[in-house]
Amino acid sequence: MTVRISMSKKELRRYVVISQLIKKLINGTTAAELLKLSVRQVKRLKAMVMRNGARGLIHGSRGRAGNRQISSQEKKKIIQLLHKRYSDFGPTFAAEKLEEQHGIAHDPKTIRTIMMAEKLWVVRKKKGAIEHRSWRERKHCVGEMEQFDGSYEYWFEDRGPKCCLLAAIDDASGIVTHAKFVQDEGVMPVFGFWQEYLLLHGKPMAIYTDKFSTYKMNHKQAMENYDQKTQFQRAMSELQIEPIFANSPEAKGRVERLFGVLQDRLIKELRLANINNIEGANKFLKKYLVKFNKQFGVEPKSKTNLHRALSEKETRVIGGILSRQTKRVVQNDFTISFQSRWYQLTKDQPVTIGKHDQVTVEERTNGDIQIRLNGKYLNYERLPEYAKKPRRAEQNMWVIAATAPAIQAAKIIH
């Protein structure tokens, strides 16, 4: 009976060369050169073939169960957990969670094989040719440049509303220096983010962000007039932090990739922790980022930290710098109108105020309103809402109602 032997290309090549050696068609030196082996190794292979035939070249462990093979019971448990809790996880993330939450430690490749067999993971097709972009080297020092952006997503899936995650990642180290869940990427949430950042880390040399309207004026008039700045640009100028605006999402690829990872991992982490609101998510972030940075951060080329500590004055006025500032004119009765409300400037002031002076109204991130003139904050009282003036149609009705009795009396007398 003929026995079929399964051999790899490498083993088949060795068998052909060794067969020629046994038939004395070539010598040992030539065989060694062809197989790129030593003469001693060739002699050993020749002896194995003469003793066992082609089977002598096949590895002895072929067909046997591996020493590290997962037991059927453990594999069954892994499959149950994958289906129950980690069905939409990637193999690497699933392997991490199996070890962290259940004490089941296996290589991600092993988990990947199981997930593929269970139809929980599909191999992604390679993308076609894309536009060529030059690679930009990382900055050398921490604090040299922070990439910053916001990502709108259903971070709590169907457990809560859509919200925005603001995040800053250091270009040199890949460390997420600060992150915060907010309602939107408007001026006040962004200022709140950077106020926390600056008090925690100090001032970075530059902030690399996109051209979203919060950060940069994009209409034609503003682009032609360099003096027109957004609230963000004005605040960065006062703090001596350079704002850099990317021309494409790929230009600030580090923060874009960060959101790609977080949209995969963080959403699932929040689900496992059963968090469904911004307040709870921000508490969770503080601990989560410590572990995240340890896993994904890199060693910067230089140990120098270029963050600059806030001066005593900057620390004292940081709430004013990072505020929405609006110009208003003092009325003849020393009142100021702001957002449909009136504010009365009091008699005692740290600076002389004249009628029609232009003051700056600061709307701060904590909701406070401050009024400033020549660098001094003014004392004021918030006035009650003025009575609304009646509309013209309502005034006409009052006139008709008032004159009707007089007209009726005139008719009677007549």
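State whether one or more residues within the stretch 277-295 are in a helix (DSSP H, G or I), of a type in the set (S, T, Y) and farther than 29 Å from L239 by Cα. Scanning the stretch 277-295 turns up at least one residue that is in a helix (DSSP H, G or I), of a type in the set (S, T, Y) and farther than 29 Å from L239 by Cα. May I ask you to verify whether K327 is among the charged types (D, E, K, R), part of a loop (DSSP other than H, G, I, E, B) and either at negative phi or not assigned by TED's automatic domain parsing to the domain that holds E100 (or both)? In short, no.
Here the helices (runs of 4 or more DSSP H) wholly within the stretch 3-62 that include at least 1 residues being of a type in the set (D, E, K, R) and either touching a Phe, Trp or Tyr at 6+ places or on another chain (Cβ under 7 Å) or in contact (Cβ under 8 Å) with a residue 24 or more places away in the chain (or both) are 9-22, 39-52. Can you find a residue that is part of a strand (DSSP E or B), more than 39 Å from the chain's Cα centre (by Cα) and either farther than 18 Å from R234 by Cβ or acidic (D, E) (or both) anywhere in the stretch 345-367? Yes - at least one qualifying residue is present in the stretch 345-367. Of all the residues in the stretch 74-114, those that are part of a helix (DSSP H, G or I) and more than 29 Å from the chain's Cα centre (by Cα) number 10. Among the residues of the stretch 296-317, those that are surrounded by fewer than 14 Cβ atoms within 10 Å (Cβ to Cβ) and assigned to a helix (DSSP H, G or I) comprise E312, K313, T315, R316.
The requirement of being in a strand (DSSP E or B), in contact with an Asp or Glu (Cβ under 8 Å, 6 or more places away or on another chain) and touching a residue at least 12 places away in the same chain (Cβ under 8 Å) is fulfilled somewhere in the stretch 179-187, by at least one residue.
A quick yes/no check of all residues on (1) in contact with a helix residue (DSSP H, G or I) (Cβ under 7 Å, 6 or more places away or on another chain); (2) hydroxyl-bearing (S, T, Y); (3) part of a helix (DSSP H, G or I); (4) modelled with pLDDT under 95:
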{"site": "M223", "(1), (2), (3), (4)": "no, no, yes, yes"}
{"site": "Y226", "(1), (2), (3), (4)": "no, yes, no, yes"}
{"site": "E238", "(1), (2), (3), (4)": "yes, no, yes, yes"}
{"site": "I244", "(1), (2), (3), (4)": "no, no, no, yes"}
{"site": "K252", "(1), (2), (3), (4)": "no, no, yes, yes"}
{"site": "E256", "(1), (2), (3), (4)": "yes, no, yes, yes"}
{"site": "Q263", "(1), (2), (3), (4)": "no, no, yes, yes"}
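E196 - would you say it is surrounded by fewer than 23 Cβ atoms within 10 Å (Cβ to Cβ) and part of a loop (DSSP other than H, G, I, E, B)? So E196 fails the test.
The values are calculated or read from the model by the stated rules, or taken from the named source; none is laboratory data. All of these numbers come straight from a predicted model, not from anything done at the bench. FYI the Cβ positions are ideal-geometry reconstructions off the backbone, even for glycines, and counts take in every protein chain you see.
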